[in-house]
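Here's the structure we're looking at; comments come further down.
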Amino acid sequence: MAATESKMIPLGTKAPFFKLKDVLSDRLLSLYELKSDIATVIMFICNHCPFVKHINKKLVEISNYYLEKGVSFLGINSNDIINYPEDSPENMIIQAKELGYKFPYLFDENQDVAQDYDAACTPDFYIFDKDLKLVYHGQFDDSRPGNNISVTGNDLSNALEAILNNQPVNQDQKPSIGCSIKWKNNY
């Protein structure tokens, strides 16, 4: 299991616009429709990656908690489904239902959104403020498959708590580590 780190882009970067199909509702949804006036968490995730599987239960718990506080969560799968059929939209629907995702699970078929966000791995977490400016880009927490550290989601939660309490988000952010985005041959 090769690990890839997220590419740390500058804080303050404006969220690139996108419109993607939500596999659960079968609707095209835009960033502007889905964003929150508090904070918007954009997560590059997928079905097959052991790093995502490792945190999924806690991710659902944390996203449900903050969704109730008005934070938006958006899951985006940008993987090549020809070589990774487990990440197909049909399987995304199954996974989202099995795990109880209450957030949209969007399919980035052309991989343009992953390119626009400079996403490198799954999971890869971005938090944008009410103005869609990047305030956090980093890991969920220190836990990884096999390292015997409990999955807590502390890094993501601490950033969201700072936003909810009108405090600055700690700028000392650790990159996420996970499976590389599975690019099509043209990237």
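Legend: calculated FRET efficiency, residue 102 to residue 172, from the Cβ-Cβ distance at R0 = 30 Å, rounded to 0.05, equals 0.50.
Net charge within 14 Å of residue 169 by Cβ-Cβ distance, Lys/Arg positive one each and Asp/Glu negative one each, not counting residue 169 itself?
-2
Got a sec? How would 9, 45, 163 order by Cβ neighbour count within 10 Å, fewest to most? Present the calculation step by step, with values, prior to reporting the outcome.
On the way: 9 13, 45 27, 163 21.
The most exposed by this proxy come first: 9, 163, 45.
Give, to the nearest whole percent, the P(r) tail of the chain beyond 21 angstrom, counting all Cα pairs. In whole percent, the share of Cα-Cα pairs in the chain beyond 21 Å is 45.
Once you reduce region 62-76 and region 115-132 to the center of their Cα atoms, the two points are 15 Å from each other. Would you mind checking the pairs 35/182; 58/102; 21/97; 58/97; 7/102 and listing those with alpha carbons more than 24 angstrom apart? Over 24 Å Cα-Cα: 35/182; 7/102.
Can you tally the net charge around residue 62? Count Lys and Arg as +1, Asp and Glu as -1, for every other residue whose Cβ sits under 13 Å from the Cβ of residue 62.
On the way: positive: 57, 58, 69, 102; negative: 61, 68, 141, 155, 161.
Neighbourhood net charge equals -1.
Can you give me the Kirkwood hydrodynamic radius for region 48-110, using every pair of distinct Cα atoms, in Å to one decimal?
Details: mean 1/r = 0.0809 Å⁻¹.
Hydrodynamic radius (Kirkwood, Cα pairs) of region 48-110 is 12.4 Å.
Restricting to Cα pairs below 8 Å that are 6+ residues apart, what does the relative contact order work out to for the chain? Please round to a whole percent. Could you put the intermediate results ahead of the total?
Working: 379 pairs, mean separation 61.6, N = 187.
Answer for the chain is 33 percent.
FYI, it's all coordinate maths here, none of it is from the lab. The shown structure was predicted, so the numbers you read here are calculated from the model rather than taken from an experiment. A quick note on method: Cβ atoms are made from the backbone with ideal geometry, for glycine too, and the neighbour counts reach across all protein chains shown.
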